[in-house]
1. Measure off 7 Å from each Cα along the Cα-to-Cβ vector at residue 362 and residue 249, then give the distance between these two points in nanometres to one decimal.
2. Taking H as built 1.01 Å from N, whose amide H comes closer than 5 Å to the amide H of residue 469, not counting residues under 5 places away?
3. How much of the accessible area of the stretch 150-209, probe 1.4 Å, is carbon plus sulfur, in whole percent?
4. Mind checking which lysines have their C-alpha under 17 Å from residue 561, skipping anything on the same chain fewer than 8 residues away?
5. Under a no-solvent Debye model with one identical scatterer per Cα of the stretch 139-206, what's log10 I(q)/I(0) at q = 0.12 Å⁻¹?
6. Work out, step by step, the length gained on full extension between residue 482 and residue 306: first 0.36 nm times the residue separation, then minus their alpha carbon distance; give nm to one decimal.
7. To the nearest 20 Debye, how big is the dipole of the chain about its Cα centre, given +1 on the beta carbon of each Lys and Arg and -1 on that of each Asp and Glu?
8. Can you send over the carbon and sulfur percentage of the accessible area for the stretch 418-549, probe radius 1.4 Å, protein chains only?
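The values are calculated or read from the model by the stated rules, or taken from the named source; none is laboratory data. Predicted, not measured: the structure shown is a model, and the values here were computed from it. Backbone-built Cβ (ideal geometry, glycine too); neighbour counts: all protein chains shown. The protein model used for the area step is the full one, side chains on, heavy atoms only, and it has no ligands, DNA or RNA in it. Shrake-Rupley method; radii C 1.70, N 1.55, O 1.52, S 1.80 Å.
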Amino acid sequence: MFENSEDQFINMGLLDEKGMDNAEFVTLGIDEDEKEEWKKAPKDLPILPLRNTVLFPGVVIPISVGRSKSIKLINEANAGSKLIGVVSQKDASIEEPEREDLYDIGTMARIIKMIKLPDGNTTAIIQGKSRFHLDEFTQDEPFFKATVTPILKKEEELTPVLEEMVTDVRAMAERIVELSPNIPTEANLALKSIESPNFLMNFISSNLNIDPDEKQQLLEKTGLEERAVLVKQHLVNELQRLEVKQQIHSKVRTDIDKQQREYFLHQQIRAIQEELGQDSPDQEIEELRARGAKKNWSKDIAKAFNKELDKLGRMNPATPDYSVSMNYAELLLELPWNEFSKDNFDLKKAEEILDSDHFGLEKVKQRILEYLAVLKLKGDMKSPILCLFGPPGVGKTSLGKSIAEAVGRKYVRMSLGGLHDESELRGHRKTYIGAMPGRIIQSLKKAQTSNPVFVLDEIDKIGSDFRGDPSSALLEILDPEQNNAFHDNYVDLDYDLSRIMFIATANRLDTIQPALRDRMEIIEINGYTQEEKVQIAKKFLIPKQRKAHGLKATQFGLSDKVIARIVDEYTRESGVRGLEKRIAALARHRAQQVVWKDDYKKQMSLEVVLDVLGSKRLEKEVHQDVDVAGVVTGLAWTSVGGEILYVESTLTKGKGKLTLTGQLGDVMKESAMTATTYLKAHSDKLGIDHRLFDNYDVHVHFPAGAVPKDGPSAGITILTSLASLFTQRKVRSKMAMTGEITLRGKVLPVGGIKEKMLAAKRAGVKNVVLSKSNEKDVKDIEKRYVDGLNFIYVENMMDVLDYALLNSKVKNPLNLEIPEKK
């Protein structure tokens, strides 16, 4: 509001350079008789369209006249009555307005002065006199003339409420003048000199900092109270804006003053520190620069580091950003850029280390030795990315530590189980409060080498949610074509991970993202046999527990027979974690005996072991031949290894309903339905009366009902059980089977063959029926593990039934009541 008011009045000739001394200004606040003015006005009033300007009665404004019609109008009016009609345009962009382009309400004005400028333009100073309604044009050329209807101001009584409102408006206007730096203080004198409430509203309305259409609304309000309310609203908005602006300005000025004060204080502190011989921030920066000069890093990294130090030198040490930049610079120094440990190329020694720490695991050991051999020949080979896949407790994680020792590298382990935030791997941007580098960079900082053995434990248990998908971040980390320029969000510089030997561990492959699985070399680690567990216990677990419990070799030992009993009766697992816990319990008992100085022998007897461990926890899995038809032994894979699984079926009188029990999954239920449909389709070939299917219900049960079961590998077992039930042909003794079936009777291959074969041998099975396609999997198993097993490879279900079912072809062996056909 009141922007450049003094300049306007000076240009108008109503103020001189010294202030409000011009006599013409005094007449502004005097109410003149509008009727007298209208008597002097011509019948057809010349109409001057105005752009971006609204003239109010009593207010004096300068206008620049540029259009030819307007110049002719001004010249003629100035030579005559000096009275014209001023009407605002609705759209200021229209150069030649018509009647519809003008508002209906305008102001009669008197020309006070005309000034011809050197550039040829004309400036007219006009004063508003009275409102009018624009009726119709009577002339278009050389300028507009129109008939108008005067709108005289209403004679309103100045009530206490209205008087108070006028006072508020005046006070707010004066407050705005005080707050606005661009408005001269003389404007307040002008406000105080105005006595007429009508003219006060007009004067303030004319100088409000609002759009022309809003000013036009004020012009069209004839009542004093209406205008006062609307003017007050605009003043309130303007006042609030100015107060907020002043608050911000005051706050900024205070902050700047505070920063300047802190700067001077810190300069004094710096001078005091130098006098006392203490390190100043500048000395710390120079020390960092000297350390950086000794680093073996690239030019880009050195440039980024020195740039950060230059930034530190310009910053106030008390600001939060100073500590952020300092931490970042120190991290760059502590990272092992291009620093590598020397590999051990003695393959025999490496093999000895691997063999001394782990029993078996020949595939993994062979792969590590091959890598060392190639690295010795080539020198700069990229490290392999291995994934050790197998059941829990078989030594996947501990194998990583042995590999690091064998290769001669530092060992780093990072658990990925439950990780759900991508920033844990890539880090956070420095702009965040408390930002940190990712765990990859942090691990390298601890290892102080850029080529450690890096174990990514439990990679199959990574989670993902709204915070991101860490497995997708691993795609870059574990890709040999990309990880030579790994980008951590915090470091914000490329780091070479290609020399790191990544070793991932997993219990399952189906939960690993396919693209991630494709980047790794999968090495399967199967469960141990009983013989292997005995050897592992003797060579590794018992010495480890002796050391953990402070026992000597002469104080604690177990015979092979005792270890075998512990494995059979107290553990059921693919690995050896449970076995180690049992051995630890025995070691604690022996430690107590040593402290109490009881009599004992080095080798614990079986009786003592059974007394310490209690009654046996598990029944040994032994195959049991059953003389009843409908019971068949299957082979199953579990997370702790292979197991034998019985399938039982029976008939009851009913309407052909199939019932399945034993906590089965959908895939296993579908296998049972497929087997039933196959039997119905081939009932004549198998010698089954098809009426049995409609008059008797079938119940198939899988014992150990508390254990969830699923998968397609029980397909041939279920079909054999149902065929045995309906034909009452007993199954062959010492036999187990595994395989998936189709409606056409094909037998498809299944997985987990090694674990299943070990389970079959453990249980005393002699004959194993499985798909012809699984023959290659059996050949991959070491011969000593399957010695004594006879394998029957089949391609269709009729081959299975011909081998598995003993000959007995009674049409209705159960003497079931079958209704005759009508």
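1. It works out to 8.9 nm between the two label points.
2. The list, which skips near neighbours in sequence, is 422.
3. Numbers: 1530 of 3080 Å².
Here it works out to 50 percent.
4. By straight Cα distance, residue 561 reaches 533, 538, 539, 601, 602, 616, 620.
5. The Debye formula, applied to the Cα set alone, gives -0.49.
6. Using 0.36 nm per residue and subtracting the Cα-Cα distance, I get 60.7 nm.
7. Numbers: 118 positive and 127 negative charges, 1400 e Å.
So the dipole magnitude of the chain works out to roughly 6720 debye.
8. Working: 2670 of 5770 Å².
So the carbon and sulfur contribution to the accessible surface is 46 percent.
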